[in-house]
Ligand code: 4GX
């Protein structure tokens with residue numbers, strides 16, 4: 001999967017996306033993430049990308065021109081290596097968006113090209129959405145963050161796990177929380193050695209070796 005991220009702060013993505021499973025996926029060519037600094041699409045000596053809202057009020061908004069130029073340039077560049085019928089799925093992160101759920105993550109993992117727009121301040125000029133440059137407005141939860149960068153990282157992390165080959169055998173996404181096999185419920189509790197810790201025992205059934213009973217116990221202990 002190719003993911004193009006539009007952000008004013010590409011350095012924020014260093015760390016979360018350069019360790020462990022995600023870095024391994026990038027090294028293996030399963031995940032190709034490119035960052036695009038919105039500032040480079042700004043106009044004038046100051047490379048302006050934001051302005052004050054019409055009607056007044058606090059905060060600044062990303063302007064139409066730099067954002068649309070960024071989306072169009074990324075799309076055109078992509079068409080040099082992929083055919084033109086190939087369209088990126090363009091996502092904008094906002095608390096107004098549709099709540100991200102595991103089923104949505106699984107569907108997104110089927111895409112092979114995403115553009116993620118990370119806004120700061122009060123968001124973006126609505127005409128970027130109304131004009132058809134955004135396919136989906138997504139929220140990661142009902143709270144307000146300082147920008148769309150953390151939501152982008154959360155989405156990339158959640159969907160990378162569903163790209164075939166990203167998880168190893170021991171990291172399978174099969175029986176985990178919200179999976180189809182667990183009826184979209186939250187996972188059962190887990191225990192490891194020792195059998196007793198400060199008087200707290202591991203449930204007997206898990207030590208029994210009876211896999212039918214263990215399965216029954218696990219299915220009965222989801223939430
Ligand atoms: N889930 N943020 C977007 C800018 C903004 C402000 C107001 C629209 C209206 C968020 C979230 C989130 C912070 C990203 C504000 N956009 N994004 N940003 N919760 O809080 O996705």
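Just so it is clear, none of the values below were taken in a lab; they were calculated from the coordinates. Keep in mind that what you see is a predicted model, and the values were worked out from it rather than measured. Reconstructed Cβ throughout: ideal geometry from the backbone, glycine too, with neighbour counts over all protein chains shown.
Just to be sure I understand: if I project the alpha-carbon convex hull of region 15-97 onto a plane and average over all orientations, what area do I get in nm²? Value for region 15-97: 8.6 nm². Each part reduced to its alpha carbon centroid, region 147-223 and region 63-103 end up 33 Å apart.
Give me the angle, in degrees from 0 to 90, between the Cα long axis of helix 64-78 and the longest principal axis of the Cα atoms of the chain, rounded to the nearest 10. Rounded to the nearest ten degrees, it is 70. Pairs of C-alpha atoms in the chain farther apart than 34 Å represent 29 percent of all such pairs. With R₀ fixed at 30 Å, the C-beta to C-beta distance from residue 144 to residue 82 puts the FRET efficiency at about 0.25. Taking the chain as a Gaussian network, Cα atoms linked when under 10 Å apart, which of 17, 31, 182 shows the biggest mean-square fluctuation? Of 17, 31, 182, the most mobile in the Gaussian network model is 182. Taking Cα atoms only, the orientation of helix 211-220 departs from the longest principal axis of the chain by about 50 degrees. For region 63-171, calculate the relative contact order in percent as a whole number, restricting contacts to Cα pairs under 8 Å that are 6 or more residues apart. Relative CO of region 63-171 lands at 35 percent.
Across the chain, the mean sequence separation of Cα contacts (distance under 8 Å, 6 or more residues apart), normalised by length, yields a relative contact order of 20 percent. Structure remark: mean-square fluctuation, Gaussian network model of the chain, C-alpha springs under 10 Å; the largest value among 105, 205, 68 belongs to 205. Comparing mean-square fluctuations of 200, 150, 167 from a GNM of the chain with C-alpha springs under 10 Å, the top value falls on 200. Mind pulling the angle between the C-alpha long axis of helix 149-160 and the longest principal axis of the chain? Nearest 10 degrees, somewhere in 0 to 90. Once rounded, the angle reads 50 degrees. For region 146-223, the Kirkwood radius over C-alpha pairs fed into Stokes-Einstein at 37 °C and 0.692 mPa s yields D = 217 µm² per second. Looking at the chain, the DSSP beta bridges with both ends there are about 20 percent antiparallel.
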